[in-house]
Amino acid sequence: MRTQWMAGLAVLAMTYGCEASTATTSKVADTQSGDATQGDSAVADTSSGDASAADTSASDAAGDTASADVDQGTGPLKAQGSVKQVFVTHAMPSTALELRDSAGKVLATEASDYLGSLVFRKVAPGKGYRVYVKDVPSQYSGPVDVQDSAESQPPTSFYSKQQIHAGNGYITTRDGTTLAYFATLPGPEDQGPYPTVVNYSGYDPGRPGSKIVPADKESLCGAIPVLCNAPSDPSAMVSAVAGYATVSVNIRGTGCSGGAYDYFEELQLLDGYDVIETVAAQPWVAHHKVGMVGLSYPGITQLFVAKTKPPSLAAIAPFSVIGNTATTLVPGGILNNGFALNWIDHVYKKAAPYAQGWEQAKVDAGDMVCKENQLLHDQRVNNVEQAKDPKYYDASVITPLNPTAWADQIEVPVFLACSFQDEQTGPFFTTLLDKFKKAPSRRFTVYNGVHSDGFAPQVLAEWKAFLDIYVAQQVPTLPTFFNLLAPQMSEQIFDVALGMPKSRWDGVKTLQEAKQKWEGEPELRVLFEDGATDPIGGPHAHFEQSFAKWPLPDTQAQRWYFQADGSLQPAKPTVDFAASSFDLDPDAGQRGIGAKSLWSAKATYDWAVPAEGKQVAFTTAPLDADAVMVGSGSVDLWVQSLADDVTDADIEVNLSEVRPDGQERYVQSGWLRASFRQLTPESSELWPEPQLLFAAKKPMAKGTWEPMRVAIAGFAHVFRKGSRIRVTVDTPGDSRADWRFDLLQFPHPVSYHVAHDAQHPSSVALPLQPKVAVPGEATLPPCPSLRGQQCRSFVDTKNVLVK
């Protein structure tokens with residue numbers, strides 16, 4: 001995505017030149033209560049090659065014991081105390097090392113890696129730990145202290161002493177670890193202060209900037225500095241063009257940052273706290289408050305950092321995020337060994353020493369901090385193997401990784417934008433939408449679409465207004481260059497040129513007026529039928545409507561029951577026995593929908609129809625009026641297996657619209673491994689939420705009709721008059737662009753029965769919105785057109801009845 005943004009920005013800069021150059025600098029009136037305290041820089045001077053500069057200011061917070069009266073150890077081995085961890089570097093490779101407490105008791109013995117490094121984890125807080133070479137006890141480290149998170153909190157001076165400047169540098173965290181950053185400013189520091197945002201991830205945000213204009217256009221860089229020193233993160237790029245200062249930071253154990261990577265471990269969160277406080281303390285930061293921005297990974301990190309409540313965090317604006325690590329990684333209890341596992345593997349591999357590809361050039365240029373920081377990188381935790389281990393799904397492990405479980409701890413304004421058919425992070429972000437109870441301002445924008453659609457102008461216009469109100473603390477504006485950029489950028493990403501919407505802030509004179517207007521509006525904005533109107537396929541809505549909250553207050557659960565003839569009827573079946581069967585398709589889990597150019601308005605799909613006998617399908621009669629659905633749904637099944645060795649089932653449900661023109665359009669899916677069918681207490685008629693805990697697993701009993709509820713993930717869709725609503729039950733697969741499913745495997749063919757009789761009335765409940773009217777003429781959107789919702793010619797496969 002970065003390449004697409006940069007290409008468009010370069011074209012625009014060359015096209016419009018200095019006409020737009022004065023519009024990007026958004027200096028904010030200095031209403032700050034005071035300047036940040038100036039002191040010695042905590043940032044290493046990378047040009048000097050001196051790694052020590054980044055460590056000195058952290059000595060008060062790092063927990064190391066240094067005194068002339070204390071034995072500081074022997075030999076080259078170095079130990080560093082942290083929060084519940086001890087780091088070791090400069091040992092001999094592959095050497096047994098002992099962690100001893102202050103009394104000399106050996107607490108753990110582990111081997112150093114090929115770089116002579118080791119991380120001791122889960123260390124109890126205490127003072128005077130030392131690391132010894134097991135076979136050479138005369139070699140040992142100086143004493144180090146280990147803290148818990150509460151006692152590790154540094155004084156405010158720890159942050160205000162650090163200095164951040166445009167370009168590359170390092171931020172020192174509480175345990176002395178240095179994190180690589182890349183910063184951009186709209187103008188000189190002394191011409192600030194500037195509204196400022198942070199993005200924070202394990203990608204490459206700290207990578208050095210790049211020039212995106214040719215040499216004969218470098219004169220533009222005086223007015224628009226970002227053109228000659230552009231950040232790698234797209235959200236930082238957009239923010240910079242919008243007039244914000246940006247600070248992009250590599251998380252611990254990635255890029256040129258020190259430490260070792262572990263997926264959202266406690267230290268990553270505490271580092272995020274330290275980053276926010278250090279950036280906000282800079283004299284060029286407006287109001288000494290910062291926001292956070294980012295899509296996907298740098299969107300998700302915002303939730304985790306906001307949980308720690310940094311005092312200087314003004315607001316967060318996450319795009320395309322997860323609601324819960326488990327619902328993306330193991331939807332319904334089935335391992336997503338497509339995008340989810342591949343992403344974990346990608347980040348893990350990129351956390352190895354020098355693995356992001358830009359670190360070596362920094363070191364070759366004299367950055368000795370980056371060189372030193374590589375030493376701990378191979379102590380990264382293999383989250384891939386954790387994800388594959390069912391015993392990993394324990395409440396003590398999973399709950400800290402579940403933003404839905406603790407989103408009520410976030411106490412800053414939130415702007416969230418996500419798509420229901422997101423091919424990467426998935427559709428389960430909706431579990432967050434009613435959980436930000438302590439956020440003083442909430443705005444959620446949801447839509448059909450794909451992962452990149454948060455960068456559509458219809459979203460960015462509101463995102464910019466949000467940042468202006470809560471970070472810049474000014475009446476929202478759309479700078480000229482930002483307006484000019486939008487069509488170029490959307491054409492690069494989406495293959496259609498889309499301009500920014502007309503500003504709705506004309507006539508608003510004061511920040512107070514703007515804030516009152518924003519906070520007086522409903523918090524949930526639903527964009528319907530993205531892609532339905534010209535230009536067809538682009539990320540712009542046919543219509544939109546706002547609602548007070550999620551779930552929508554006027555939702556009616558509309559239920560239809562499965563019938564023996566394959567129909568969906570409002571009445572329960574009355575027959576004594578009726579059931580249909582489908583065969584497990586063991587290869588389906590590794591099949592997708594043949595998506596090509598998925599983010600483009602011209603996306604194509606190859607959405608296959610399951611063979612007869614591979615699914616059971618049930619369809620309503622043609623609708624006599626448009627049916628607007630917004631929310632989640634529930635497919636409530638009675639399932640049976642007759643084989644002795646088949647005590648589990650992988651189930652997928654798909655919701656689609658069968659149109660009167662002979663086309664079938666995908667709407668949404670749900671998944672469940674039957675053994676994970678035990679639900680949480682928060683489950684409702686329209687949201688059957690599985691616990692997804694190893695301890696809650698329950699096998700199916702042979703020959704028994706087992707009740708199980710499969711959640712249909714959140715969606716917003718208009719089922720048009722004359723269309724029919726269709727629900728299918730089959731093997732997971734053939735439904736998503738990038739998700740794949742690690743299915744149960746059996747040594748023989750397997751069939752499952754789905755009952756639909758008086759005693760076992762399988763059914764579907766969907767979220768009808770009776771008060772939402774569709775504007776304009778009742779015309780079917782072209783097929784294809786709706787983003788993220790593939791079409792195919794409808795094939796009416798017949799169910800196989802159980803006799």
Practice problem: Scan segment 729-740 and give yes if some residue there is more than 23 Å from the chain's Cα centre (by Cα) and basic (K, R), otherwise no. | Solution: no
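Select from segment 487-501 the residues that are open to solvent by less than 10 Å² (accessible area, probe 1.4 Å) and in contact with a Pro (Cβ under 8 Å, 6 or more places away or on another chain) and write down the one among them that is nearest to A461 (Cα to Cα). Walk me through how you get there before you give the answer.
Here is the first cut: in segment 487-501, the residues open to solvent by less than 10 Å² (accessible area, probe 1.4 Å) are 489-490, 493-494.
Checking which are in contact with a Pro (Cβ under 8 Å, 6 or more places away or on another chain) leaves us with 490, 494.
Numbers: S490: 13, F494: 17 Å.
Once the filter is applied, the top-ranked residue is S490.
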Self-check item: Lone unmet requirement of (1) closer than 22 Å to A557 by Cα; (2) among the polar types (S, T, N, Q); (3) open to solvent by less than 60 Å² (accessible area, probe 1.4 Å) for Q691
Solution: (1)
Exercise. Tell me which of these V397 doesn't satisfy, since it passes every other one: (1) at pLDDT 95 or above; (2) β-branched (V, I, T); (3) out of contact with any strand residue (DSSP E or B) (no Cβ under 7 Å at 6 or more places or on another chain).
Key: (1)
Exercise. Would you check if there is a residue in segment 722-741 being more than 29 Å from F444 (Cβ to Cβ) and among the aromatic types (F, W, Y)?
Key: no
Quiz item: Among the residues of segment 377-393, is there at least one that is in contact with a Lys or Arg (Cβ under 8 Å, 6 or more places away or on another chain) and open to solvent by less than 20 Å² (accessible area, probe 1.4 Å)?
Solution: no
Quiz item: Among the residues of segment 189-243, how many are under 18 Å from F481 (Cβ atoms) and of a type in the set (D, E, K, R)?
Solution: 3
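Which of the residues that make up segment 70-101 are of a type in the set (G, A, S), in a loop (DSSP other than H, G, I, E, B) and closer than 27 Å to D271 by Cβ? Reasoning before the result, please.
Residues of segment 70-101 of a type in the set (G, A, S): 73, 75, 79, 81-82, 91, 94, 96.
Keeping just the survivors that are in a loop (DSSP other than H, G, I, E, B) gives 75, 82, 91, 94.
Answer for segment 70-101, where residues must be of a type in the set (G, A, S), in a loop (DSSP other than H, G, I, E, B) and closer than 27 Å to D271 by Cβ: S82, A91.
Considering each of D408, D453 in turn, give the residue that is under 21 Å from P311 (Cα atoms) and part of a helix (DSSP H, G or I). Outline the logic, then answer.
Numbers: D453 fails: under 21 Å from P311 (Cα atoms).
Answer to the selection: D408.
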Practice problem: Go through D650, D576 for me and flag whichever is in contact with a Lys or Arg (Cβ under 9 Å, 6 or more places away or on another chain) and among the acidic types (D, E). | Solution: D650
Quiz item: Out of segment 247-269, which residues are within 21 Å of P400 (Cα to Cα), in contact with a Lys or Arg (Cβ under 8 Å, 6 or more places away or on another chain) and hydroxyl-bearing (S, T, Y)?
Solution: Y261
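Can you find even one residue in segment 274-282 that is open to solvent by 10 Å² or more (accessible area, probe 1.4 Å) and either at pLDDT 95 or above or under 22 Å from T480 (Cβ atoms) (or both)?
Yes, some residue in segment 274-282 is open to solvent by 10 Å² or more (accessible area, probe 1.4 Å) and either at pLDDT 95 or above or under 22 Å from T480 (Cβ atoms) (or both).
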Quiz item: For segment 148-162, how many residues are open to solvent by 50 Å² or more (accessible area, probe 1.4 Å) and in a loop (DSSP other than H, G, I, E, B)?
Solution: 6
Quiz item: Can we say Q139 is open to solvent by 10 Å² or more (accessible area, probe 1.4 Å) and not in a strand (DSSP E or B)?
Solution: no
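From the list D422, D408, D434, exactly one residue is under 27 Å from D530 (Cβ atoms), surrounded by fewer than 19 Cβ atoms within 10 Å (Cβ to Cβ) and under 18 Å from the mean Cα position of the chain (by Cα). Which is it? Walk me through it before giving the result.
Details: D422 fails: surrounded by fewer than 19 Cβ atoms within 10 Å (Cβ to Cβ); D408 fails: under 27 Å from D530 (Cβ atoms).
D434 is the lone residue from the list that is under 27 Å from D530 (Cβ atoms), surrounded by fewer than 19 Cβ atoms within 10 Å (Cβ to Cβ) and under 18 Å from the mean Cα position of the chain (by Cα).
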Quiz item: Restricting the search to segment 457-469, which residues are open to solvent by less than 20 Å² (accessible area, probe 1.4 Å) and either aromatic (F, W, Y) or more than 15 Å from V241 (Cα to Cα) (or both)?
Solution: V459, W463, F466, I469
Quiz item: Which residues, taken from segment 118-151, are in contact with a Pro (Cβ under 9 Å, 6 or more places away or on another chain) and of a type in the set (G, A, S)?
Solution: G128
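Residue-by-condition table, conditions (1) touching a Cys at 6+ places or on another chain (Cβ under 9 Å); (2) at pLDDT below 95; (3) closer than 26 Å to T327 by Cβ:
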site: V414; (1), (2), (3): no, no, yes
site: Q421; (1), (2), (3): no, no, yes
site: K435; (1), (2), (3): no, no, yes
site: P440; (1), (2), (3): no, no, no
site: F444; (1), (2), (3): yes, no, yes
site: H451; (1), (2), (3): no, no, yes
site: G454; (1), (2), (3): yes, no, yes
site: A465; (1), (2), (3): no, no, no
site: Q473; (1), (2), (3): no, no, no
Exercise. Among the residues of segment 92-121, write down those that are small (G, A, S), out of contact with any Lys or Arg (no Cβ under 8 Å at 6 or more places or on another chain) and under 26 Å from K371 (Cα atoms).
Key: S94, A111, S112, G116, S117
Exercise. Identify all residues within segment 736-765 that are among the basic types (K, R) and touching a Phe, Trp or Tyr at 6+ places or on another chain (Cβ under 8 Å); write none if there are none.
Key: R740
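For segment 378-405, give me each residue that is part of a helix (DSSP H, G or I) and closer than 24 Å to P310 by Cβ. Break it down stepwise before answering.
Start the filter on segment 378-405 by keeping residues that are part of a helix (DSSP H, G or I), which leaves 378-379, 383-388, 390-392, 395-401, 403-405.
Correct list: T399, P400, L401, P403, T404, A405.
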Quiz item: Is there a residue in segment 157-173 that is touching a helix residue (DSSP H, G or I) at 6+ places or on another chain (Cβ under 7 Å), farther than 20 Å from G253 by Cβ and of a type in the set (F, W, Y)?
Solution: yes
Exercise. Could you please find all residues in segment 533-562 being outside any loop (DSSP other than H, G, I, E, B), over 12 Å from Q769 (Cα atoms) and in contact with an Asp or Glu (Cβ under 9 Å, 6 or more places away or on another chain)?
Key: F543, S546, R559
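Which residue out of Q458, Q424, Q379 is out of contact with any helix residue (DSSP H, G or I) (no Cβ under 9 Å at 6 or more places or on another chain) and under 21 Å from W599 (Cβ atoms)? Show your work before the answer.
On the way: Q424 fails: out of contact with any helix residue (DSSP H, G or I) (no Cβ under 9 Å at 6 or more places or on another chain); Q379 fails: under 21 Å from W599 (Cβ atoms).
Of Q458, Q424, Q379, the one residue that is out of contact with any helix residue (DSSP H, G or I) (no Cβ under 9 Å at 6 or more places or on another chain) and under 21 Å from W599 (Cβ atoms) is Q458.
Yes or no, residue by residue, for (1) touching a residue at least 24 places away in the same chain (Cβ under 8 Å); (2) under 21 Å from A603 (Cα atoms); (3) not in a helix (DSSP H, G or I):
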residue: F482; (1), (2), (3): yes, no, no
residue: Q488; (1), (2), (3): yes, yes, no
residue: E491; (1), (2), (3): yes, yes, no
residue: L498; (1), (2), (3): yes, yes, yes
residue: V526; (1), (2), (3): yes, no, yes
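The values are calculated or read from the model by the stated rules, or taken from the named source; none is laboratory data. Given the structure is predicted, the values throughout are model-derived calculations rather than measurements. Positions of Cβ are generated from backbone atoms using ideal geometry, with glycine treated the same way; all protein chains shown enter the neighbour counts. Remember, those area values only see protein heavy atoms, side chains included, never the ligands or the DNA or RNA. Shrake-Rupley method; radii C 1.70, N 1.55, O 1.52, S 1.80 Å.
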